[in-house]
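Contents: one structure, followed by commentary.
The values are calculated or read from the model by the stated rules, or taken from the named source; none is laboratory data. Please read all numbers here as calculations on a predicted model, not as lab measurements. Backbone-built Cβ (ideal geometry, glycine too); neighbour counts: all protein chains shown.
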Amino acid sequence: MTTPTFSDFALRPALQRAIAEEQYTAPTPIQAKAIPVLLDGRDLLGCSQTGTGKTAAFALPILNHLDTNRRAAQPKAPRVLVLAPTRELATQIGDSFATYGRHVQFRQTVIVGGVNQNPQVRALARGVHILIATPGRLLDLMGQGFVQLDQLEIFVVDEADRMLDLGFIPDLKKIIASLPAKRQSIFFSATMPPKVAELAESLLSTPVCVEATPVSSTVDRIVQRVMYVSQSDKRPLLDELLKQPGIDRVLIFTRTKRRADAVARQLQRNGLKADAIHGDKSQTARNRILAGFRSGRVPVLVATDLAARGIDVEGISHVINFDLPDEPESYVHRIGRTGRAGASGIALTFCDAEEQKLLKAIEKVIQRTLDVDTKHAWHAEPSAQVSRRPASSKPGGRRSGGGKPAFSKRSGSGSAPRSSDGSRGESGSQGGRAKRNGPPRSRRRFARQSS
């Protein structure tokens, strides 16, 4: 079977020109399956893991539609609405539309919380073809009469499963109730839990379902290892790992905002250029922090799960799960920040005694048992009460204490409180864990500095 190219798609010359300038040749699997369906104007339910090109899969057909059916933008009445769960993802989608549509005449704006709404209101009053929004701010502006959706032609929900995780389904249903019955609807999701599939079935009209990768699968080229360590030894282990060579950009995930700030401060005290990003940061601060991380000025970024699907930065060589996520699917989204666009990557997971049940749930979702790295000074034997039998017989499921050091690269291929933009999903305290093991006497000063 011949591998398709972008020139095989019935895309307008302006889009083909932009694709050539970006040096894109062969579409990714999700693009190859989704673009022809969307060009035909059909509803689509797409499932593909992060980092596989979902944004281009819907952005190119949308821009093609606008370029084919040119009309002046109307005040307050967008023709296309794209919903994203986080500010960072919304901004990233806006950047992608600008890149692919550089030779197309259209207007777009991104509306998110955490910033002054006046510039957003002015952009809507002038008229936009494409509106990219987070649900909370969109509902606010709709309630104030600044947005009308009765002329909408295309409706996109990106990261539909994340919308579910963050408690956005009620907001989503309110927005959908304002849409015209005749529209093209597109749902994209990295995973497809039953509730998301049920929602899609109720909102899409005879959709085409495309799946480029298995549900909740992880990229094969990402080296994944677990490091058993007590809670009190996680920070010294992190310090030691970050001293090793081969680090380009490192993304560290913690469970809470407070912990993210504490870890970043400790790394800064140790002389590393590190910063933290989470929902309590202003949008201006978050943009500045991401710019520093993207440019390489700040090579270490500590984040909560807010950023798991909102950071699309090339060259993230390592992802470290300082804390395991409460939702096993979040592990897939976290490690998907590395190993993007055909690159290799390394994902390391710190696991203490209280997190072993979370690890077992993750291994069940990804259908493999993570290799165990014992070659570090803080190794703690896992609890005998938690069985880690392989979840499947798939390759790569062996336990191993050998192999390369943790940072050596391998070649080859519920709801929670709302954040400032109306999103949910981060607690503001250290909650979510039971009591911790106290640090040994020799490390008490370390723990006090980081609290």
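Every condition in (1) farther than 27 Å from Ala90 by Cβ; (2) of a type outside the set (Ser, Thr, Tyr); (3) crowded, with 21+ Cβ neighbours inside 10 Å holds for Lys360 except the one numbered (3).
Among helices (runs of 4 or more DSSP H) entirely within segment 228-322, having at least 1 residues that are in the same structural domain as Ala84 (by TED's automatic domain parsing) singles out no element at all. Looking across segment 340-383, the residues that are modelled with pLDDT of 90 or more, under 21 Å from Ser330 (Cα atoms) and in contact with a helix residue (DSSP H, G or I) (Cβ under 6 Å, 6 or more places away or on another chain) come down to Ala347, Phe350, Cys351, Asp352, Ala361, Ile362, Thr369. Checking Gly167, Gly114 one by one, the residue that is out of contact with any strand residue (DSSP E or B) (no Cβ under 8 Å at 6 or more places or on another chain) and either assigned by TED's automatic domain parsing to the domain that holds Glu327 or outside any helix (DSSP H, G or I) (or both) is Gly114 and no other.
For segment 38-74, residues that are charged (D, E, K, R) and under 19 Å from Phe6 (Cβ atoms) total 3. Residues in segment 130-142: is at least one closer than 27 Å to Val104 by Cβ, in contact with a helix residue (DSSP H, G or I) (Cβ under 6 Å, 6 or more places away or on another chain), among the hydroxyl-bearing types (Ser, Thr, Tyr) and modelled with pLDDT of 90 or more? Yes, segment 130-142 has at least one match. Once segment 94-106 is narrowed to residues that are of a type outside the set (Phe, Trp, Tyr) and either at positive phi or part of a loop (DSSP other than H, G, I, E, B) (or both), the residue that is surrounded by the fewest Cβ atoms within 10 Å (Cβ to Cβ) is Gln105. Candidates Thr109, Thr91: the one that is surrounded by fewer than 23 Cβ atoms within 10 Å (Cβ to Cβ) and assigned to a strand (DSSP E or B) is Thr109. Summed over segment 161-210, the residues that are closer than 19 Å to Pro29 by Cβ and in contact with a Leu (Cβ under 9 Å, 6 or more places away or on another chain) give a count of 9.
The set of residues in segment 342-377 being part of a loop (DSSP other than H, G, I, E, B) and under 20 Å from the mean Cα position of the chain (by Cα) consists of Gly342, Ala343, Ser344. Residue count for segment 5-40, restricted to those that are more than 18 Å from Arg102 (Cα to Cα), more than 27 Å from the chain's Cα centre (by Cα) and buried (at least 16 other Cβ atoms within 10 Å of the Cβ): 1.
Kindly indicate which of Val229, Val208, Val250, Val263 is of a type in the set (A, V, I, L, M) and touching a Cys at 6+ places or on another chain (Cβ under 9 Å). Answer to the check: Val229. For segment 48-88, taking the residues that are polar (S, T, N, Q) and in a loop (DSSP other than H, G, I, E, B), the one that is nearest to Gly167 (Cα to Cα) is identified as Thr86.
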